[in-house]
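Chemist: This structure is in structure tokens; I'll ask about it shortly.
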Amino acid sequence: MDKKVLVVFGTRPEAIKMAPLVKELEQTPGFTPVVCVTGQHREMLDQVLQFFDIHADMDLNMMKEGQSLYSLSADLLRGMEMVFRKNKYDMVLVHGDTTTAFIGALAAYYAKVPIGHVEAGLRTYDKYAPFPEEMNREWIGRVADMHFAPTRLAAEHLMKENRTRHIYVTGNTGIDAMKWTLSAPFTHPLQHKLRKDTRWILMTMHRRENWGEPMNHVFQAIKQLVREIPDIEVIYPVHPNPAIQKAVSDGLAGEDRIHLTAPLDVVDLHHVMKRSYMVLTDSGGIQEEAPSLGKPVLVLRDKTERPEGVIAGTLKCVGTETQAVVKGIKELLFDPKAYAAMAKAANPFGDGTASAQIVSAIRNYFDTSDG
């Protein structure tokens, strides 16, 4: 009998990382994936679905301008209640640490449906860094029945928390997604707009704990660098959140060789990443993706829940203080040995087979349970 697997996601990063898993389930006999998107991100989410040719069976369309975590969580829980009242599922898969993932897991728990947590076990053990993601993933870990950890360290975190059954080290599904995206053509106007004799620096910054002064300090660093160093150009796809849009406009608009763009679709983002000299980010997913392309990553945070990358040498946390950011970037621009040490480090986040490993583990889980 086919197993109906409800796959819940709502943001673009989740969609990128869940898409290869949905495609793997579609191609595996015995499984029927049912895709529920919450619309926590809207336009950016739809771009990913279109690229991967994934049809949402249910769309809760929860995106509202200026919504708080309180209202988003309440709306998501009401929406998920209707999903579970209308249909029965054999398993629910959620990803990572978003509000969608947390509420999806909570609703599945209320419905007494087994939960699989993709990208499980990431921890900083600081409940406000990142906020609210750190507690979201800890709470999901408490109710999940299957834990798909991207690395051995993530699995060790779970075992220390007495999650002793059904832990699988699979690598990260985001690496799987790059097989699709980098095989697609790169057609964004940026490739014609930027000079060929410059070094591209890809930058993303959007996390809540960096709003305000941390973001302003980083912007000061970026302006200082482009004014001092003539052969760099910064590409900054700006998150659509109005608070971030205003901060970026106030801090960086009008600066020569700082290119503020709308959010790049997943294909363009990965191609820009591939052509960039280095990456600055507070994003989690990019910390995993860029090292697979040999790109050093400076993390605009004081700590990361992906310490494997720091240990491997692919990532370096520089925080958000202006001079610390300037120093970190200059080191990579002017010290070939420091650059090579990061660029040539082995990516600890997998080999592109995570989705196949996850589906195999789920099949085994059902075979054992049914037997």
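The values are calculated or read from the model by the stated rules, or taken from the named source; none is laboratory data. Quantities reported herein were computed from a predicted structural model and do not represent experimental measurements. Glycine gets a Cβ as well: all are built from the backbone with ideal geometry, and neighbour counts include every protein chain shown. What goes into the accessible areas is simple: the full protein's heavy atoms, side chains included, and nothing from ligands, DNA or RNA. Shrake-Rupley method; radii C 1.70, N 1.55, O 1.52, S 1.80 Å.
Chemist: For segment 85-98, how many residues are within 15 Å of the chain's Cα centre (by Cα) and in a loop (DSSP other than H, G, I, E, B)?
Modeler: Total satisfying the criteria: 3.
Chemist: Looking at segment 326-341, can you tell me whether even one residue there is in contact (Cβ under 8 Å) with a residue 40 or more places away in the chain and aromatic (F, W, Y)?
Modeler: Yes, segment 326-341 has at least one match.
Chemist: Yes or no: segment 57-70 includes at least one residue that is of a type in the set (A, V, I, L, M), open to solvent by less than 20 Å² (accessible area, probe 1.4 Å) and in contact with a helix residue (DSSP H, G or I) (Cβ under 8 Å, 6 or more places away or on another chain).
Modeler: Checked against the condition, which is being of a type in the set (A, V, I, L, M), open to solvent by less than 20 Å² (accessible area, probe 1.4 Å) and in contact with a helix residue (DSSP H, G or I) (Cβ under 8 Å, 6 or more places away or on another chain), segment 57-70 yields no hits at all.
Chemist: Which numbered condition in (1) part of a helix (DSSP H, G or I); (2) surrounded by fewer than 23 Cβ atoms within 10 Å (Cβ to Cβ); (3) touching a Phe, Trp or Tyr at 6+ places or on another chain (Cβ under 7 Å) is the only one that A19 fails?
Modeler: (2)
Chemist: Is it true that some residue in segment 31-47 is of a type outside the set (D, E), in a loop (DSSP other than H, G, I, E, B), open to solvent by less than 20 Å² (accessible area, probe 1.4 Å) and over 29 Å from P237 (Cβ atoms)?
Modeler: no
Chemist: A further question on this structure: Filter the strands (runs of 3 or more DSSP E) completely within segment 266-332 down to those with at least 3 residues that are surrounded by 18 or more Cβ atoms within 10 Å (Cβ to Cβ) and touching a Lys or Arg at 6+ places or on another chain (Cβ under 8 Å).
Modeler: 297-299
Chemist: Here are some residues: K303, K316, K274. Which one is in contact with a helix residue (DSSP H, G or I) (Cβ under 7 Å, 6 or more places away or on another chain) and basic (K, R)?
Modeler: Only one candidate passes the filter, namely K316.
Chemist: Quick check: anything in segment 37-55 under 24 Å from R363 (Cβ atoms) and in contact with a helix residue (DSSP H, G or I) (Cβ under 6 Å, 6 or more places away or on another chain)?
Modeler: Among the residues of segment 37-55, at least one is under 24 Å from R363 (Cβ atoms) and in contact with a helix residue (DSSP H, G or I) (Cβ under 6 Å, 6 or more places away or on another chain), which makes the answer yes.
Chemist: Taking the condition of being more than 20 Å from R12 (Cα to Cα), in a helix (DSSP H, G or I) and open to solvent by less than 50 Å² (accessible area, probe 1.4 Å), how many residues in segment 241-257 meet it?
Modeler: 4
Chemist: Does T28 fit the bill of being of a type in the set (S, T, N, Q), surrounded by 24 or more Cβ atoms within 10 Å (Cβ to Cβ), out of contact with any Leu (no Cβ under 6 Å at 6 or more places or on another chain) and touching a residue at least 40 places away in the same chain (Cβ under 8 Å)?
Modeler: Answer is no for this residue.
Chemist: Same structure, new question: Say we look at segment 299-315 and pick out the residues that are in contact with an Asp or Glu (Cβ under 9 Å, 6 or more places away or on another chain) and without any contact (Cβ under 8 Å) to a residue 60 or more places away in the chain; which of these is nearest to V326 (Cα to Cα)?
Modeler: So the residue we want is V299.
Chemist: Being aliphatic (A, V, I, L, M) and in a helix (DSSP H, G or I) narrows it down to one of A101, A120, A56, so name that one.
Modeler: From the options A101, A120, A56, the qualifying one is A101.
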